[in-house]
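Working notes, beginning with the structure itself.
The values are calculated or read from the model by the stated rules, or taken from the named source; none is laboratory data. No experiment lies behind these values; they were computed from the predicted model shown. In this analysis, Cβ positions are derived from the backbone assuming ideal geometry, glycine residues included, and neighbour counts consider all displayed protein chains.
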Amino acid sequence: MSDDAREITCQEHGAATTTYVCSHLATNPVQRWHSARASGDNPWPDAWCNACNATFLREGEWNDRNADAVDLRILCNHCYEGASAKSIARFDAAQSKAWQELLSHCHEELSVKQEALKREYSLTRHKRWDWDQDRAELVFSNDGIPAVVATIEFVGSVSTQSNTWLWSWANPSTEESVRSRIVAVYEFGEAHDYPRLTVPKWPAEEANGWDMAAVAAHVLDAAGVYRTPSETGFTFLLLTEVRTAQ
Ligand SMILES: [Zn+2]
Ligand SMILES: [Zn+2]
């Protein structure tokens, strides 16, 4: 399909891109969304609800035998993002409790790791840091002399302009070299049905970034987390291995 064929004019958002969701999600987005994992190339994959997923699972794919059973609706890409972000509010009390318990466990675990990093490498005392996405490294240095080198994986970023969280696996400006392992966190979210781990972008502030980084550090058993500020917000990095520079 050419890009032209996906153009749409939304009454609310103007010129936009066509996306498809099942009629149930279009009517009530506050439920589980099933889709392929979003990516830089395909940020708004076709999505369907639990009921439609039973039809999907009968074939394990959409094909001639089951595709007609799903009533697809067109949304503009902005409407799609807004609707999918709403789905993070769908927890019942039990799910909410499990999620909160996971977050507190991950934060406790992370604070022990952060203390250890501070003790061993004094990360906050170095004059500057630079990341190299190709080498997947974060280098702390003083006056041009590297002091500590960390292997990194990007978790995601909080935009203080749009007040949203965006996972690195859905961010086209993040290199593949620093976002291949983070997919395990998405898969953990799919397995346990934690929508904040699987919805690419949702309303957030800095504290939500720390939550996601803490969960990612837990799932990937990282040494710690580093938060880098920018003019538009914060990027959260996992430090998967840390060593003193030679
Ligand atoms: Zn449906
Ligand atoms: Zn729209």
>> Exactly one condition in (1) of a type in the set (S, T, N, Q); (2) closer than 17 Å to Ser230 by Cβ; (3) touching a residue at least 60 places away in the same chain (Cβ under 8 Å) is false for Ser162; which is it?
In response: (3)
> Within region 219-246, can you find the residues that are part of a loop (DSSP other than H, G, I, E, B) and not hydroxyl-bearing (Ser, Thr, Tyr)?
Replying inline: Leu220, Asp221, Ala222, Ala223, Glu231, Ala245, Gln246
>> Tell me the residue from Ala54, Ala69, Ala85, Ala98 that is in the same structural domain as His192 (by TED's automatic domain parsing) and among the aliphatic types (A, V, I, L, M), please.
In response: Ala98
> Which one is farthest from ligand 1 (Cβ to nearest atom), of the residues in region 40-66 that are touching a helix residue (DSSP H, G or I) at 6+ places or on another chain (Cβ under 9 Å) and among the hydrophobic types (A, V, I, L, M, F, W, C)?
Replying inline: Trp44
>> I'm trying to understand the selection: among the residues of region 14-31, which are in contact with a helix residue (DSSP H, G or I) (Cβ under 6 Å, 6 or more places away or on another chain) and exposed (fewer than 15 other Cβ atoms within 10 Å of the Cβ)?
In response: Val30
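So that you can scan it fast, the table gives a plain yes or no per residue for (1) among the aliphatic types (A, V, I, L, M); (2) surrounded by 12 or more Cβ atoms within 10 Å (Cβ to Cβ); (3) closer than 14 Å to Leu25 by Cα:
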residue	(1), (2), (3)
Pro43	no, yes, no
Asn53	no, yes, yes
Glu61	no, no, no
Asp68	no, no, no
Leu72	yes, yes, yes
His78	no, yes, no
Glu81	no, yes, yes
Arg90	no, yes, yes
> Could you say which residue among Cys106, Cys10 is under 30 Å from Ala213 (Cβ atoms) and either touching a Ser or Thr at 6+ places or on another chain (Cβ under 9 Å) or away from ligand 1 (no atom under 13 Å from the Cβ) (or both)?
Replying inline: Cys106
> Just to be sure, is Ala204 closer than 25 Å to Gly82 by Cβ and either modelled with pLDDT under 95 or buried (at least 16 other Cβ atoms within 10 Å of the Cβ) (or both)?
Replying inline: yes
> Of (1) surrounded by fewer than 16 Cβ atoms within 10 Å (Cβ to Cβ); (2) closer than 23 Å to Ser168 by Cα, Ala94 satisfies all except one. Which?
Replying inline: (2)
